[in-house]
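Participant: Pasting a structure here, questions to come.
The values are calculated or read from the model by the stated rules, or taken from the named source; none is laboratory data. These figures come from a predicted structure and were not determined experimentally. Every residue, glycine among them, receives a Cβ derived from its backbone with ideal geometry; neighbour counts consider all protein chains shown. These area figures cover heavy atoms from the full protein model, side chains too; ligands, DNA and RNA do not enter into them. Shrake-Rupley method; radii C 1.70, N 1.55, O 1.52, S 1.80 Å.
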Amino acid sequence: MIKLIATDMDGTLLKDNKEIDKEIYELLPKMKQQGIHFVAASGRQRPSLEKTFKDYLEDITILAENGAYVVHNGEEIYASVMSQELIDFVVSEIQKLDNVAILYCGKNCSYTTEPAVYENLNSPRFHYQIKLVKDFCEVKEDIIKISLVDPKGASEYSFPILEKKLKGKVEIAVSGFDCIDVVNKGVSKGKAIAILQQKWNISPEETMTFGDNYNDVEMLQQAKYSFAMQHSEEGVKKYANYIAGDNNKGAVVAEIKKRINFEVKK
């Protein structure tokens with residue numbers, strides 16, 4: 001019996017235009033009634049995810065910032081705060097790259113010095129809680145993730161360079177076409193799922209996960225029912241036990257409905 005379902009958002013539960021498959025809203029109360037925990041697992045921030053699920057927050061768990069921050073019913077379950085020394089080191093390496101933007105990610109807000117990044121993440125497509133600052137010295141909030149925005153394509157340009165510099169010191173993963181996320185060593189969506197599994201006494205055999213990118217790999221490995229989306233790279237698909245269909249055609253919801261009986265007993 002499946003007791004935990006976790007899904008990535010962008011490229012997975014969300015369509016390419018960033019719209020959510022609204023049928024998931026109909027399933028959330030039914031899953032809760034059957035004792036199934038639903039986890040929105042994303043590289044996005046908590047406020048963005050909460051706006052997406054604003055009418056269903058009692059029915060879900062928020063796994064934000066690639067596993068660096070987990071909230072259930074408004075209660076913080078887990079947070080991994082980066083030290084200032086580590087932040088300074090990571091940022092110094094990022095600043096050696098050309099034409100990339102930096103995003104500081106706190107528990108409640110994100111921060112950037114780039115107007116274009118601010119406008120994009122502040123738009124209805126992402127509805128981020130974000131502030132445009134002149135200098136990152138203005139940021140007083142604890143930081144749980146550093147992100148890089150690379151318009152050239154993160155996989156091809158910035159990731160290979162940064163991986164060599166940062167490997168062994170942090171967790172670094174491509175998150176979408178143009179983003180790289182950096183968090184504390186040992187932090188991942190998979191570790192966050194493992195924390196929830198232990199908290200709720202749920203095994204991998206009772207877990208279903210969905211993802212499409214390399215930042216989802218550890219989460220896929222935490223579940224017997226692990227699904228990579230059909231557009232995922234082969235390097236991601238090899239970690240999944242199943243392949244889901246098109247995120248633009250409701251593939252996540254379809255797989256959930258296929259394996260869960262939603263007939264509610266009166």
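Participant: Residue under question is residue 50, and the condition is that it be closer than 24 Å to residue 213 by Cα, free of Cβ contacts under 8 Å to residues at least 60 places away in the same chain and of a type outside the set (A, V, I, L, M); does it hold?
Facilitator: So residue 50 passes the test.
Participant: Name the residues in region 85-113 that are over 18 Å from the mean Cα position of the chain (by Cα), surrounded by fewer than 17 Cβ atoms within 10 Å (Cβ to Cβ), more than 20 Å from residue 169 (Cα to Cα) and modelled with pLDDT of 95 or more, would you?
Facilitator: Of everything in region 85-113, just one residue is over 18 Å from the mean Cα position of the chain (by Cα), surrounded by fewer than 17 Cβ atoms within 10 Å (Cβ to Cβ), more than 20 Å from residue 169 (Cα to Cα) and modelled with pLDDT of 95 or more, namely 113.
Participant: Residue check: is residue 76 open to solvent by 80 Å² or more (accessible area, probe 1.4 Å) and assigned to a strand (DSSP E or B)?
Facilitator: In short, yes.
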